[in-house]
Every structure is written in structure tokens, then in C-alpha cells.
Amino acid sequence: MAQNGSRDGVYEVAEDIDAIEFYFEQGVTDGLPVVPPTEEQVQRMLTATARAADEVIALVPPNFGEATVEKIAVNAVMAGCKPEYLPVVMAGVEAMCDERVSLHGVQGTTHTSTPLFIINGPIRQRLEINSAAGVFGSGWRANATIGRALRLMMVNLGGARPGEIDKSCMGHPGKFSFLIGEYEEMNPWEPLHVERGFAPDQSALSVYCCDAPQCLTNNAGRTAASILNTIGAAMATGWNDKTMLAGSYMLVMSPEHAKTIADDGLSKQDVKRYLYEHVRGAF
């Protein structure tokens, strides 16, 4: 990579540290240092896919920059991904650019929402994607770097730089990286991807644009009603006339609470119905 002239977007610099500073100067980082995407590193990343380097996977709004396979590989290198992560990163690009996600609005909103990526299926174990304790936290390379690669493309290809196109008043810590796996092995109900029509042995990625996690706890509850009432009370603080009835939630539940609720005979659909009826009735 280099600062002293370029050919076809390839730069040459004397040392890696100069390249890191160069990328800061170009404004293509998330505020943290990036791995310099050398030609060798990018080609190594591309070995993880049979798709052509110039194939356009999606157009990233709001600037609608072309997310070619090669550009995705470049951002994956910058984020610190392993080559085997590349197919998941490409799937994430396709998913977040689906018009149903409305990434155009999310990228420029004054609100705080940002895409959360949920991984299901065997690929969780294969890539060691965290699905259990600390799932929203740090310490897991796959979660951190795959999510970071997707965020970098929202900035570098979509143009959503904070303070410019990204007008979020308060920001969002998930705008560094926001990716989790579902702990299917401890789930008493069908996992998300099966609920959405995929086979249990398929790997899948889902996108949900949301605010930062709101943590709540009920250490004393031993019944479904007790736990769900606590969850509903927390949800009700967001679902009211002061927030324009904006009541769409992604509920991430611990295995212990899920088991207690399931042991009381409630299905996942029962849980949704219970919360819908009780939270609506709170105002």
C-alpha cells in the first residue's frame, strides 16, 4: 500500500506503520487501526471463494458503492478476518443491502440503530462464532472481525461517515462490530433460521437493525409469567407514545430463562403473543 502515487488503487509505502497512518488519513477506518490490505493478503483472502473478484455482490447505500468480491476481501483484510470468514462477510453484505432492511435510512438516520447480524447453523462451530456467555462482548475474533468488516463497508462503500452522512445524535457501540451467534444447542424452541424457513443443518445469516442491547434480569422468577412480566415491563419503556409507538424488539434470552418458560409449556409463538398483549396493555 502506498502514499507516493498509485496504480489502479494500489499504493506503495515503506513500512506497515506508514500504511496504517495512511488509512487514517484517507478516512477509511472505524477509528481503530486497520490491517494493511496488501496484494498478497487480499489474494489470500480471495482463495476462500470461487466467485470472480470483479463480481458485484451488492450496492451499498446510501452512496451505492459497488461491493465487488475484491472490495469485500479488502475490507475483510482490514478488519482482521481470516480467509474462511469471507463467505459469511459476503452473505452479510447481500443481507444488509436487501431493500427490506432499509439500510439507506439506517445509514443516515439521526437515531442510533445499526444492523445486528445473527448467525445460525453449523458454521457457528466451524468458525468459532460466540453464541454463549459474553455474546455481545469482546474476546471472539470471528464475531469482532466479521462484524467489523461489514461496518467498514457501510462506511467505505456506503459513505456513512459519522458526522457526515451518518447523522446519529448519540451513536452506537455496535457501529464498531455487531454480530452474534444463536445458542441453538440450549434453545428449547426452533432457532431463528428454522423459524424463517431454513433447514436445521443449513447455515444462515439474519439482519435486524436495532439500538444497543438493553440488559435486564430476574433472578427470583421461577415461572414463565414472572420472567415474561419482567421482560414486558422493560419493553414497555420503549413502546409508548413518547417514542411514537416504536415497539419492534429483538429479544435475546438466556438459556436458563428460556428453559423455565418452555417448561411451563409455552412455545416461542406463545411468548410473542404474551408479550404483545401485555406490553400493549401497559399504556
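The values are calculated or read from the model by the stated rules, or taken from the named source; none is laboratory data. Since the model is a prediction, treat every value here as computed from it, not as a measurement. Virtual Cβ from ideal backbone geometry, glycine too; neighbours counted across all protein chains shown. To get the accessible areas, we keep the full protein, side chains included, count just its heavy atoms, and leave off ligands, DNA and RNA. Shrake-Rupley method; radii C 1.70, N 1.55, O 1.52, S 1.80 Å.
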- Note on the structure: Once amide hydrogens are built 1.01 Å from N within the peptide plane, the residues lying 5 or more places from Leu179 or on another chain with amide H under 5 Å from its amide H are Phe117
- The long-range amide H neighbours of Arg161, using H built 1.01 Å from N in the peptide plane and a cut-off of under 5 Å, are Asp166
- So what is the 222 nm mean residue ellipticity for the chain from helices alone, if each DSSP H run of at least 4 adds -39500 (n - 2.57) and you divide by all residues, rounding to the nearest 500 deg cm²/dmol? -11000 deg cm²/dmol
- Query: Roughly how many Å² is the accessible area per residue of the chain, as a whole number, for a 1.4 Å probe?
  - Reply: 53
- In degrees rounded to 10, the 0-90 angle between helix 16-26 Cα long axis and the longest Cα principal axis of the chain is 70
- Which residues qualify? For Glu55, with a placed amide H closer than 5 Å and at least 5 residues away or on another chain, they are Val69, Glu70
- May I ask you to derive the FRET efficiency for Arg273 and Asn63 from their Cβ-Cβ distance with R0 = 45 Å, giving the value to the nearest 0.05? 0.65
- Using Cα positions and a limit of under 20 Å, work out the lysines in reach of Lys175, with same-chain residues fewer than 8 apart set aside. Lys71, Lys167
- Query: Any idea how far apart Ser254 and Ser226 come out in nm if each label point goes 7 Å out from Cα toward Cβ?
  - Reply: 1.3
- Under a point-charge model restricted to the Cβ atoms of Lys and Arg (+1) and Asp and Glu (-1), what is the dipole moment magnitude of region 63-128 relative to its Cα centre, in debye to the nearest 20? 200
- Carbon-plus-sulfur fraction of the accessible area of region 18-76, 1.4 Å probe, in percent? 51
- Along Cα→Cβ, 7 Å out, is where each label goes; now give me the distance between the ones at Val10 and Asn219 in nm to one decimal. 5.9
- Query: How much of Lys259 can a 1.4 Å solvent probe reach, expressed as accessible area in Å² and rounded to 10?
  - Reply: 120
- Net lengthening on full extension, Phe24/Glu84 (0.36 nm per residue, minus Cα-Cα): 18.9 nm
- Note on the structure: With all protein chains in place and a 1.4 Å probe, Cys209 shows an accessible area in Å² (nearest 10) of 40
- Efficiency of FRET between Ala132 and Asp201 - r from beta-carbon atoms, R0 22 angstrom, step 0.05: 0.65
- Query: Once phi is turned into θ = phi - 60°, what whole-Hz ³J(HN,Hα) does the Karplus curve with 6.51, -1.76 and 1.60 give for every residue of region 179-195, x standing for Gly and Pro?
  - Reply: 8, 9, x, 8, 7, 5, 5, 10, 8, x, 10, 5, x, 4, 5, 5, 4
- Read phi for every residue in region 216-223 and hand back ³J(HN,Hα) as whole Hz from Karplus 6.51 cos²θ - 1.76 cosθ + 1.60, θ = phi - 60°, with x for Gly and Pro. 9, 9, 9, 7, 9, x, 10, 10
- Note on the structure: Restricting to lysines and to Cα separations under 19 Å from Lys268, and discarding same-chain partners fewer than 8 apart, the set is Lys259
- Item | Among [x] 15.9; [y] 23.2; [z] 21.1, the entry derived from the coordinates for mean projected area of the Cα convex hull in nm² | [x]
- Message: What do you get for the angle between helix 141-156 and the principal long axis of the chain? Use alpha-carbon atoms, 0 to 90 degrees, nearest ten.
- Response: 70
- Note on the structure: Reduced to Cα centres, the span from region 100-157 to region 22-87 in Å works out to 15
- Task: With a cut-off of at most 16 other beta carbons within 10 Å, and DSSP calling the residue loop, which trypsin sites (Lys or Arg not before Pro) in region 138-219 qualify? Please list them.
- Result: Lys167, Arg196
- Message: Output wanted: per-residue J couplings in Hz (rounded whole) for region 121-130, from phi through Karplus 6.51 cos²θ - 1.76 cosθ + 1.60, θ = phi - 60°, x for Gly and Pro.
- Response: x, x, 5, 4, 6, 4, 9, 6, 7, 5
- Message: So for the chain, averaging the separation of alpha carbon pairs under 8 Å that are six or more residues apart and normalising by length, what relative contact order in percent results?
- Response: 17
